[in-house]
Amino acid sequence: MDKKPASVGRAPRQSNFELLRITAMMLVLIVHADYWSLGVPRFDMAASHGANVFARVLFEMLSVVCVNVFVMISGWFGIKASVRGYANFAFQCLYFMLGIYLVMLFSGQTQFCLREMARCLFGSWFIQAYTVLYIISPVLNAYVRAASRRQLCITTGLLLAFQALFDLDGISRFVLAGYTPLSFVSLYLLARMLRLYGGSSARYGLSVYFLSVGLNVGLAYAAGLSGAGWLPSPVSYANPLVVAGAAGLVLAFSRLRLRPSGFVNMVAKSSFAVYLLHQHLLVGGAYFAPCMKTLYRHYDGIACLLLMGLACAGWFAAAVVLDRPRIWLWRLLCAIIPRLRRAVASRPF
């Protein structure tokens, strides 16, 4: 049996990984500003609009690792599941999902509808998948502690191979391009494996990332020009190139030696708010996508890239600012609830 290293305990916030968290969320914005807002580029226009098509494909492939990176950060450190920990996550989701719905309702931007409100609160695939991962994380952590290096590598490899194989041409509804808890479990185990056993490979992280991006750009052109459905989708989170790119980026950031930064840690703490804001059911299609389409239609070249980049940065900043009251409310609740519990417990009946 392979010798296992000492288990990794909870570490204080490391600014290199907090910076990676911010980077991953900025990449989410880029993905949604590109293919999600503008649609997949027409590859039959590559001859006449080659620079435009190439730029859009390149930015999409550079950014599509975003969700996998976000999940792998959780796997790198290991989720320490607790009622309070998940309550904090759920409170942030409720704060934005319900809060935005109420603002839209009272401002006349939408009408009251229980079904629409339920979709706002429970319609996010990421929240659903991450909740499943959170629930089973103690089981995954126990397996990682008990398994040998060989067992962990085989299990993780088989899970990744399974989803890559059955993701081809959408032949399995179980894989769904990585939009499932299966993908999150695979990425979680991959990150734990890299943390425990991949230290020497970290030096190649950036090379792996850029090589994966380059190959995925080629795959995008091959799939787009040929229309071959049997090729892996370049924008699938289950695509091995996307998984490898995410792993490479995580390893690259693990090598960064940054001094603790209060500002970076503060922004990273609100990074998930960026997703909750711009992908809200009543915001994404009505405000975020039209904003990106308008900039794309009215500007060209470097000006277009700069303005869309600034717009993404603006959405990021707005989410961080809007999340500050939520952090204050959560701290207030954490201070009040124990006092109420003690008061109720001491009350005579």
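Largest first and to the nearest Å, give the Cα extent of segment 125-269 along each principal axis.
The Cα atoms of segment 125-269 stretch 48, 32, 31 Å along their principal axes.
Starting at the first residue of segment 326-331, write each ³J(HN,Hα) from the Karplus equation 6.51 cos²θ - 1.76 cosθ + 1.60 with θ = phi - 60°, in whole Hz, x for Gly and Pro.
5, 5, 5, 5, 5, 5
Would you mind telling me which residue in Phe272, Phe263, Phe17 has the biggest mean-square fluctuation in a Gaussian network model of the chain, where springs connect alpha carbons within a distance under 10 angstrom?
Looking only at Phe272, Phe263, Phe17, the biggest GNM fluctuation is shown by Phe263.
How high is the relative contact order of segment 20-89, in percent, counting Cα pairs under 8 Å that sit 6 or more residues apart?
Working: 39 pairs, mean separation 30.2, N = 70.
It rounds to 43 percent for segment 20-89.
Residues of segment 9-162: accessible area per residue at 1.4 Å, in Å²?
On the way: 7500 Å² over 154 residues.
That works out to 49 Å² for each residue.
Work out the charge dipole of the chain with +1 on the Cβ of Lys and Arg and -1 on the Cβ of Asp and Glu about the Cα centre, then indicate which of Ser183, Cys113, Ala147 is farthest towards its positive end.
Ala147
Counting each DSSP H run of 4 or more residues in the chain as -39500 (n - 2.57), what helix-only mean residue ellipticity at 222 nm follows after dividing by all residues, to the nearest 500 deg cm²/dmol?
On the way: 14 runs with 242 residues, N = 349.
It comes out at -23500 deg cm²/dmol, rounded to the nearest 500.
P(r) for segment 197-247, please, calculated from all Cα pair distances in 10 Å bins and given in %.
Values per bin, smallest distances first: 27, 46, 21, 7.
Give, rounded to the nearest 20 debye, the magnitude of the charge dipole that segment 245-349 has about its Cα centre when Lys and Arg contribute +1 at Cβ and Asp and Glu contribute -1 at Cβ.
On the way: 13 positive and 2 negative charges, 150 e Å.
Here the size comes out at about 720 debye.
Of Gly75, Gly245, Gly123, which has the largest mean-square fluctuation in a 10 Å C-alpha GNM of the chain?
For the chain, modelled as a Gaussian network with Cα springs under 10 Å, the answer is Gly123.
Taking H as built 1.01 Å from N, whose amide H comes closer than 5 Å to the amide H of Ala238, not counting residues under 5 places away?
Gly178
Tell me, what HN-Hα J-couplings in whole Hz come from the Karplus equation 6.51 cos²θ - 1.76 cosθ + 1.60 at θ = phi - 60° for each residue of segment 252-268, using x for Gly and Pro?
Per-residue couplings from phi come out as 4, 6, 5, 8, 5, 10, 9, 5, x, 10, x, 5, 4, 5, 5, 5, 4 Hz.
With viscosity set to 1.567 mPa s at 4 °C, what whole-number translational diffusion coefficient in µm²/s follows for segment 90-190 from Stokes-Einstein and a Kirkwood radius over Cα pairs? Spell out each step's value before the answer.
Numbers: Rh = 16.1 Å.
The diffusion coefficient I find is 81 µm²/s.
For the chain, modelled as a GNM with alpha-carbon contacts under 10 angstrom, which of Ser207, Ser270, Ser183 fluctuates the most?
It is Ser207.
How high is the relative contact order of segment 243-349, in percent, counting Cα pairs under 8 Å that sit 6 or more residues apart? Show your work: numbers first, answer last.
Details: 27 pairs, mean separation 33.6, N = 107.
Result for segment 243-349 is 31 percent.
Counting Lys +1, Arg +1, Asp -1, Glu -1, what net charge surrounds Cys312 among other residues with beta carbon under 15 Å of its beta carbon?
0
Give the carbon-plus-sulfur fraction of the accessible surface of the chain in %, rounded to a whole number; probe 1.4 Å, heavy atoms of protein chains only.
Values: 12100 of 18150 Å².
With neighbouring chains kept in place, the figure for the chain is 67 percent.
From the P(r) of segment 224-347, can you give the percent of Cα pairs sitting at distances over 19 Å?
So the portion of pairs separated by more than 19 Å is 73 percent.
The values are calculated or read from the model by the stated rules, or taken from the named source; none is laboratory data. Everything numeric in this text was worked out from a predicted model, so none of it was measured. Heads up, the Cβs are rebuilt from the backbone with ideal geometry, glycines too, and the neighbour counts pull from every protein chain shown. To get the accessible areas, we keep the full protein, side chains included, count just its heavy atoms, and leave off ligands, DNA and RNA. Shrake-Rupley method; radii C 1.70, N 1.55, O 1.52, S 1.80 Å.
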